Structures are given as structure tokens and as C-alpha cells.
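Undergrad: I am attaching a structure below and will ask some questions about it afterwards.
The values are calculated or read from the model by the stated rules, or taken from the named source; none is laboratory data. On a predicted model such as this, the values are computed, not experimentally measured, just so you know. Please note: Cβ atoms are built from the backbone with ideal geometry, for glycine as well, and neighbour counts cover all protein chains shown.
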Amino acid sequence: MLNRREFLSRSLKGAAGLLAVSVLPAGLTACSNDKKTVNTSSMANLGPLSELTKGEFPKKVQHKATIKDAWTEQEREGGVYINKNKDGSLLIMSPVCTHLGCTVGDAGENTQKTGIRFLCPCHAGQYNEYGINVAGPPPRPLAIFDAYVQDGNVYIAVLSPRKREK
Ligand code: FES
């Protein structure tokens, strides 16, 4: 039979052991120099990076993705607008208006004069070429996607756009 002091001592040692086991792998992972491969099976492939960085910007790129979860699998088609940031990196923007979710379109030829590059047909929301909201009801810029490059192709997680603040 354990007395109270022995019980507490053994319990604390056990808890410390569990804590060490649960913290160690995370620490090792954080320090690892191994290149991680990202599971791209549910992501949209936007195509080869070498092609995406060519041509005129901003441009629209269509994509397809098969979204899988534990029980279902569904095909999704969509598109993104891509521009180049000033440092040359790709800015991959969702076309979903940040007001009420309509799909924004390219403003076309008047862009040079007005600075408006994307127009929302629903309530006349306006965005510049970097997806920054410049007029109308949209409360913030178009969301953006993080890009994952694997085997020379650029992938995005279509269900996980990242909000931006102005
Ligand atoms: S949904 Fe785009 S401006 Fe309202």
C-alpha cells in the first residue's frame, strides 16, 4: 500500500516522463533540416512554376482539384488571379469578393486610367491589381493562397485561402 507521499512522488515522475515523450518529437521536428513533402492530393495544381512566372500579369488561371475527406471525395473547379509582388514572388488571389462572396471579374481595358483591376458585379466592389479593395463595400483585400511547389508545379489548398487586412 502506498502512502500519500509515495503516491504523489510516483505520479509526478510519471507525468514528467509523459511530458518528455510528448515534447521531444516536436522539438526534433522543429530542428530538422529534412525537406518536408506536402501532401498535395487534395490541392489544386496551378501548373508548372516556370510557366506561371511568364507572360502578362495579373492573369487568371483555372484549376481543378479533388477534395477528399474521411468519407467523401468531390471534384472542384475554379480559378485564381495571379500577380507578381514587387519582389518577384507570385501573389495568388482568390476571386471571391470579400463583401458577400460573389466572383470578381477582370475590369479589362480601363485599368490603366482608373487603377481598378477587378470588379465585383454584385455591388460594384473594386480592387486594384494586387487585390486591394479600393472602392465599394468590400471590407478587405481579396484573400490569398499559400503556394506549395512540388516537382516544379505550384499547388494551392483551395479550401484554405488566407484573409488579408488592408
Ligand atoms: S459581393 Fe462583391 S461588392 Fe458585394
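Undergrad: Residue check: is Gly105 modelled with pLDDT of 90 or more and away from the ligand (no atom under 16 Å from the Cβ)?
TA: Details: modelled with pLDDT of 90 or more: yes; away from the ligand (no atom under 16 Å from the Cβ): no.
When the stated conditions are applied, Gly105 does not pass them.
Undergrad: Sticking with this one: Confirm whether Arg140 is of a type in the set (D, E, K, R), out of contact with any Pro (no Cβ under 8 Å at 6 or more places or on another chain) and free of Cβ contacts under 8 Å to residues at least 40 places away in the same chain.
TA: Here the answer is no, as Arg140 does not meet what is asked.
Undergrad: If only one of Val154, Val158 is within 25 Å of Ser41 (Cα to Cα) and not in a strand (DSSP E or B), which one is it?
TA: Details: Val154 fails: not in a strand (DSSP E or B).
It is Val158.
Undergrad: Moving to a separate point now. Return the residue satisfying two criteria in turn: it lies in the range 117-163 and is of a type in the set (S, T, N, Q) and either over 21 Å from the mean Cα position of the chain (by Cα) or within 16 Å of the ligand (Cβ to nearest atom) (or both), and of such residues it is farthest from Gly105 (Cα to Cα).
TA: Among them, the one singled out is Asn133.
Undergrad: If you go through the range 108-147 one residue at a time, how many are in a strand (DSSP E or B) and surrounded by fewer than 16 Cβ atoms within 10 Å (Cβ to Cβ)?
TA: Of the residues in the range 108-147, 1 are in a strand (DSSP E or B) and surrounded by fewer than 16 Cβ atoms within 10 Å (Cβ to Cβ).
Undergrad: Right, here's the next one. For the range 80-100, does any single residue satisfy the condition of being within 12 Å of the ligand (Cβ to nearest atom) and either at positive phi or exposed (fewer than 11 other Cβ atoms within 10 Å of the Cβ) (or both)?
TA: For the range 80-100, residues within 12 Å of the ligand (Cβ to nearest atom) and either at positive phi or exposed (fewer than 11 other Cβ atoms within 10 Å of the Cβ) (or both): absent.
Undergrad: Sticking with this one: It is to be established whether one or more residues within the range 82-100 are more than 18 Å from the chain's Cα centre (by Cα) and assigned to a strand (DSSP E or B).
TA: no
Undergrad: If you don't mind, there's one more thing I want to ask. With respect to Thr66, determine if the residue is without any contact (Cβ under 8 Å) to a residue 60 or more places away in the chain, of a type in the set (Ser, Thr, Tyr) and away from the ligand (no atom under 14 Å from the Cβ).
TA: So Thr66 fits the description; yes.
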